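A quick write-up on the structure given underneath.
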Amino acid sequence: MSNFIKRKNVGRLADVVACLHSGGIVLLPTDTVFGLAVLPTETLGVDRLYALKARPRAKALPIMVANANQVSELGVIISPAIEKVLRSPFVPGALTIVAPIDRSNCPDWLKGRDEVAFRIPNSQFLLAVLTEVGPLLVTSANLAGATTPKTVQAVLEQLTEVPDLVVDGETGNDVASTLVNCSHTPAMIERIGAVAVEDLSKWLVVKHG
């Protein structure tokens with residue numbers, strides 16, 4: 001049986017960090033919807049996360065980082081468009097950015113990929129975790145293709161197995177992040193979410209569909 005902790009409990013950061021470092025999967029509230037997190041270097045944990053969501057392996061998992069320095073450590077090629085987005089009021093926040101990567105300057109767990117989807121969350125709790133452990137693979141807590149439930153109990157009823165650690169608490173939004181692909185010129189909106197297209201368009205030339 002998984003361990004349950006309350007988001008406001010003292011010591012929750014240490015519990016989450018320990019679980020992640022042991023290769024575990026953590027269910028936790030984010031500034032958008034509930035998410036499932038695992039260290040990208042823990043290959044068995046990553047395999048379990050795919051199975052837990054019944055997610056096709058061909059679909060890469062998005063990444064959360066704490067700051068621009070961690071973005072650079074991923075080998076992300078910072079184009080003028082990405083610079084604009086990183087300076088926008090949506091970062092940190094509910095905006096996921098797809099960016100090209102330099103294969104010669106990225107961590108081993110990203111070898112073979114041409115691009116990555118990353119997000120800097122607007123959550124002090126998540127930023128503290130990311131600062132402590134580094135970039136994480138974080139994906140919405142739902143079966144592949146399904147909507148993300150709004151409560152921990154509903155999440156657990158939907159997934160194929162129980163995560164190793166469950167952090168209960170309120171999410172910041174019931175809507176997933178907006179996904180903008182900055183590998184294209186102009187940038188392309190691939191998923192409309194918490195950040196409205198018209199708001200993003202004030203900072204970046206984008207197209208949709």
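Roughly what % of DSSP beta bridges within segment 3-208 run antiparallel, to the nearest 5?
On the way: 18 of 33 bridges.
Around 55 percent antiparallel, to the nearest 5.
When only Cα pairs under 8 Å and 6 or more residues apart are kept, what is the percent relative contact order across segment 71-190?
Values: 141 pairs, mean separation 32.9, N = 120.
Over segment 71-190, the number comes to 27 percent.
Hey, what did segment 3-208 get for relative contact order, percent, Cα under 8 Å, at least 6 apart? Mind dumping the intermediate values first?
Numbers: 420 pairs, mean separation 64.2, N = 206.
RCO, segment 3-208: 31 percent.
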### Query
With the chain treated as a Gaussian network of Cα nodes joined by springs under 10 Å, which of Val180, Val65, Val17 yields the largest mean-square fluctuation?
Val17
### Query
Lys/Arg Cβ at +1, Asp/Glu Cβ at -1, dipole of segment 3-208 taken about the Cα centre: which of Ser201, Leu20, Ser72 is farthest positive-ward?
Ser201
### Amide H contacts of His208 (H built 1.01 Å from N, under 5 Å, at least 5 apart or other chain)
Ile189
### Task
Give the shape of segment 74-129 as rounded, prolate or oblate, defined through the alpha-carbon gyration tensor: a ≥ b ≥ c are the square roots of its eigenvalues, a/c under 1.5 means rounded, and otherwise the shape is prolate if a/b is larger than b/c and oblate if not.
oblate
#### Entry: Nearest-0.05 FRET efficiency for Lys150 and His184, computed from C-beta distance (R0 30 Å)
0.40
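Bear in mind these aren't lab numbers, they're just calculated from the coordinates by the rules spelled out. This one's a predicted model, so the numbers in the text were calculated from it and none came from an experiment. Please note: Cβ atoms are built from the backbone with ideal geometry, for glycine as well, and neighbour counts cover all protein chains shown.
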